[in-house]
């Protein structure tokens, strides 16, 4: 076996291994992006559900306070009528 044959065999072997490494690198890169996108979508969905829950709670609390305010306002109007000139 001559030196040139050894160099040729070595270069073919390295080329084949390098090609395999490139394929593995490309596949792992693609798989990493797929997983990252899936995790991102799950996080987005979780945040959307949490945000919707907070909006619903805020709407409920706001309506509850409006009812209480209206009730207290009516109570004060009703009970303050007998004293119209009290502060004059």
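Numerical summary
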| item | result |
| --- | --- |
| For segment 26-68 versus segment 1-23, the gap between their alpha-carbon centres in whole angstrom | 52 Å |
| Rounded to 10°, Cα long-axis angle of helix 3-80 versus longest principal axis of the chain | 0 degrees |
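No lab work stands behind these numbers, since they all come straight from the coordinates. Everything numeric in this text was worked out from a predicted model, so none of it was measured.
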